[in-house]
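Below: one structure, written as structure tokens.
The values are calculated or read from the model by the stated rules, or taken from the named source; none is laboratory data. As the structure is a computational prediction, the values presented were derived from the model and not from experiment. So basically every Cβ, Gly included, is an ideal-geometry build from the backbone, and we count neighbours across all protein chains shown. Just the protein is used for accessible areas: all its heavy atoms, side chains included, with ligands, DNA and RNA removed. Shrake-Rupley method; radii C 1.70, N 1.55, O 1.52, S 1.80 Å.
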Amino acid sequence: ELVHKLEQQKFAKSARSRPDPSSGWVPRGAANGRHVPADVRRTVWQRDGGQCTFVSDRGQRCEARTRLEFEHVDAVARGGQTTTERMRLRCRAHNQYTAEQVFGVGFMERKREEARRRAAAKRATREAEQARKAREVEQAREAREAAEASERAAVAAEQDPDRSVVPWLRALGVSAREARAAAERCEALPAATLEERVKFAVSSLAPTCVRRSAQVASSPA
């Protein structure tokens, strides 16, 4: 059962198999000649026995069964076709060896270096993006904690009738929003007494707010 599941994952193996590309059928996403359809991978894998097909000059076949790659018999750059007849299994080392024979050692080394640079650039970009997101998350957390601390301090200060004008204004019937706005205006009088700040806050309120109360209560309700 496990083997069956692995075959489904790797080769999209199912009872309804798609036709072979050699019949003229073109799968979606096959514009890139390096795309190997699942049914071709499955057929090639079964035909080659899941083993590298490279054979040495002495007639000894490579025994590698891991890190296998699907190699075009004819290089894609030279018009190689992605069909079961023109595909084979090769281990990574022998795939590179064949490419060096076809295109030359220098050419393949340049290609590998380009691939390494692209991979390094992608890795650096990915790491930079991860670092940026981490910074944003940390900044958002710090801002949220600072806002919560500020809100707690403001609430505590507003509830202290000996220091804040808010309880006294609320006793006059002033809304919480207007009381807070008036308290902020009182910050311009840091040396004033509480009584002076209350008078200043009342005088700064809109006339409609002042008329809500006939007189100033001597203490908060």
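Evaluate the stretch 159-166: report whether one residue or more is out of contact with any Ser or Thr (no Cβ under 8 Å at 6 or more places or on another chain), modelled with pLDDT under 80 and open to solvent by less than 70 Å² (accessible area, probe 1.4 Å).
yes
Regarding residue 87, is this residue closer than 30 Å to residue 38 by Cα and touching a His at 6+ places or on another chain (Cβ under 8 Å)?
Yes: the conditions hold for residue 87.
From the list 78, 86, 90, 112, exactly one residue is more than 29 Å from residue 6 (Cβ to Cβ) and either under 32 Å from the mean Cα position of the chain (by Cα) or surrounded by 16 or more Cβ atoms within 10 Å (Cβ to Cβ) (or both). Which is it?
Result of the check over 78, 86, 90, 112: 112.
Would the stretch 10-32 turn up any residue that is among the charged types (D, E, K, R), modelled with pLDDT of 80 or more and not in a loop (DSSP other than H, G, I, E, B)?
Scanning the stretch 10-32, I find no residue that is among the charged types (D, E, K, R), modelled with pLDDT of 80 or more and not in a loop (DSSP other than H, G, I, E, B), so the answer is no.
Check off (1) closer than 18 Å to residue 99 by Cα; (2) over 37 Å from the mean Cα position of the chain (by Cα); (3) exposed (fewer than 12 other Cβ atoms within 10 Å of the Cβ) for residue 67 and give me the number that stays unchecked.
Among (1) closer than 18 Å to residue 99 by Cα; (2) over 37 Å from the mean Cα position of the chain (by Cα); (3) exposed (fewer than 12 other Cβ atoms within 10 Å of the Cβ), the lone unmet condition for residue 67 is (2).
How many residues, within the stretch 59-85, are at pLDDT below 85 and among the aliphatic types (A, V, I, L, M)?
Count: 3.
Restricting attention to the stretch 60-80, which residues are without any contact (Cβ under 8 Å) to a residue 40 or more places away in the chain and part of a loop (DSSP other than H, G, I, E, B)?
60, 62, 63, 64, 65, 66, 67, 73, 74, 75, 79, listed by residue number.
Of the residues that sit in the stretch 38-64 and are touching a strand residue (DSSP E or B) at 6+ places or on another chain (Cβ under 8 Å) and of a type in the set (Gly, Ala, Ser), which one is most open to solvent (accessible area, probe 1.4 Å)?
By that ranking, first place goes to 64.
If a residue has to be modelled with pLDDT under 85 and outside any helix (DSSP H, G or I) to count, how many in the stretch 173-191 make the cut?
3
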